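The values are calculated or read from the model by the stated rules, or taken from the named source; none is laboratory data. All values derive from a computational prediction rather than experimental measurement. Because the Cβ atoms are built from the backbone with ideal geometry, glycine has one as well, and the counts that use them run over all protein chains shown. Only protein heavy atoms, including side chains, enter the accessible area calculation; ligands, DNA and RNA are left aside. Shrake-Rupley method; radii C 1.70, N 1.55, O 1.52, S 1.80 Å.
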Amino acid sequence: MTANSGGRSSEAGGGPVRHIPVLLHEVLSALQPAPGKVILDGTFGAGGYSQAILDQGANVIALDRDPTAIAGGQALVAANGGRLSLIQSQFSNLADHAPAEGLDGVVLDIGVSSMQIDEAERGFSFQKNGPLDMRMSASGVSAADVINRAKVSDLIRIFGFLGEEKQPGRIARAIEKKRAEEPFRTTRDLAGLIEIVTPRKAKDKIHPATRVFQALRVFVNDELGELAQALFAAERALKPGGRLVVVTFHSLEDRIVKQYFADRSDRAAGSRHMPMVAAKPAIFDAVGKPMIAASEEEAEINPRARSAKLRAGIRTTAPVRPADLSIFDLPDLASLAKMGG
């Protein structure tokens, strides 16, 4: 869940390749960075959003849980004369890094970074053979641990919910049979088995392993839990008038962000299906359209933008509410963390 998940393009004049994040124009329009403002980029990645915000005159506090991203961003820190602070941290802890007076904006790009996908040794992509890892923080339980140790019933839950895989049981049982003979070690080991178990049909638009790899990455990095906690943290860290801008890349993430903004706005006061209840003060007011998708032109240039969705809100003066995860319809996956012992 490090970011910025956009493509890359060369700068004019044949200079170095500069990272161009997804929905950049729309993000800046919603965020409105300006001189004197302090913006937190919770998903630094290759620095695309941070650089664009700096170019608008604002100061930036940037976070990333990936030590590789932190190391790679030091040149950008040096080039901006103290206006960029780059910190290794999960973005669920973003409130810990905000100034006492609060933030003018928070931007989160919820997706695996191009850098991580491009590095075979990180194990994020089945298109590049490497260790079955997927850990953004380079620590903790790996994807190989999950595949080799989790109970079949747990694998079915992970693949079915987090990956929205249509045949989770068939894949999980095939994994159980195969790992009894030899443990899975590489991305090719797993992708190859999935190709055999659920072969690609002519009408399929994606590789058979896509959903399983997504599910593993989301589970290993607790991406949905991190996102939920980051939204609550932004609520605490933003000053009145501060802006929260979130870009997501699949339906589970977008659903969490949509539910959060609905709960924290006056839209949650009642509906035609529910009796009216006492309205709570809105924590966020809407910014423009409820959801913005990438234009056809951007999607044509960068296929990864096709699934991107942006939602944003402006912090009101209402007091912070408790961080209640029950508003999100999230499954209890914490019990799976021990991988069957």
| field | Electrostatic dipole magnitude of the stretch 129-213 [Cβ: Lys, Arg +1; Asp, Glu -1; Cα centre; debye, to 20] | value | 300
| Exposure of LYS178 as accessible area (Å², to 10), given a probe of 1.4 Å and all protein chains | 90
| Can you run phi through the Karplus equation (6.51, -1.76, 1.60; θ = phi - 60°) for the stretch 51-68 and list ³J(HN,Hα) in whole Hz, with x for Gly and Pro? | 5, 5, 5, 4, 4, 8, x, 7, 8, 10, 9, 10, 10, 7, 7, 8, x, 5
| query | Extension gain ARG306-LYS201, at 0.36 nm per residue separation less the Cα-Cα distance, in nm? | reply | 35.6 nm
| Around ILE70, with a cut-off of 14 angstrom between Cβ atoms, what is the net charge of the other residues, counting Lys and Arg +1 and Asp and Glu -1? | -2
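Would you kindly calculate the mean projected area, averaged across all directions, of the convex hull enclosing the Cα atoms of the stretch 186-253, in square nanometres?
6.3
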| Cα pair distances of the stretch 38-112 binned at 5 Å [whole percent] | 3, 18, 33, 27, 15, 4, 0
